[in-house]
Amino acid sequence: MAEAAAKKLPNIVINERLCKGCSICVDFCPTNVLEIRGSVVAVKDLAACTRCQLCDLRCPDFAIQVFD
Ligand code: SF4
Ligand code: SF4
């Protein structure tokens, strides 16, 4: 059971209406999961996400959330 849970990818939810593309979350992400595409943030490498929640905590606009 634990092994199956460890392999499950996190779910990163971006609210594009709230995101202003400031790049704070991109800069704080320790494993380079995120990037700016156009004027909003996007996920470029979901498998690298460690669920550390830094993006979620640092976003000033509540535009990104990370769920297990
Ligand atoms: S910190 Fe928030 S507003 Fe800024 S790019 Fe990331 S999700 Fe968008
Ligand atoms: S939870 Fe952590 S590792 Fe995952 S995208 Fe956010 S900052 Fe990056």
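The values are calculated or read from the model by the stated rules, or taken from the named source; none is laboratory data. Not measured: the values here are computed from a predicted model. Cβ sites come from the backbone with ideal geometry, for glycine too, and all protein chains shown count toward neighbours.
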Per-region count, the stretch 17-43, residues loosely packed, with under 13 Cβ neighbours inside 10 Å, assigned to a loop (DSSP other than H, G, I, E, B) and either within 13 Å of ligand 2 (Cβ to nearest atom) or under 11 Å from the mean Cα position of the chain (by Cα) (or both): 4
Members of the stretch 46-68 found to be over 11 Å from LEU18 (Cβ atoms), near ligand 2 (Cβ under 9 Å from one of its atoms) and not in a helix (DSSP H, G or I), listed by number: CYS49, THR50, ARG51, CYS52, GLN53, VAL66
Which numbered condition GLN53 misses (of (1) in contact (Cβ under 8 Å) with a residue 24 or more places away in the chain; (2) under 9 Å from the mean Cα position of the chain (by Cα)): (1)
In the stretch 37-52, the residues that are charged (D, E, K, R) and farther than 15 Å from GLN65 by Cα: ARG37, LYS44, ASP45
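Looking at ARG51, ARG58, which one is charged (D, E, K, R), in contact with an Asp or Glu (Cβ under 9 Å, 6 or more places away or on another chain) and within 10 Å of ligand 1 (Cβ to nearest atom)?
None of the others qualify; the one that does is ARG58.
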Number of the condition not met by ALA4 [criteria: (1) at pLDDT below 95; (2) of a type outside the set (Val, Ile, Thr); (3) part of a loop (DSSP other than H, G, I, E, B)]: (3)
Residue list for the stretch 53-68, restricted to those being among the hydrophobic types (A, V, I, L, M, F, W, C), under 19 Å from LEU9 (Cα atoms) and either in contact with a helix residue (DSSP H, G or I) (Cβ under 8 Å, 6 or more places away or on another chain) or surrounded by 15 or more Cβ atoms within 10 Å (Cβ to Cβ) (or both): LEU54, CYS55, ILE64, VAL66
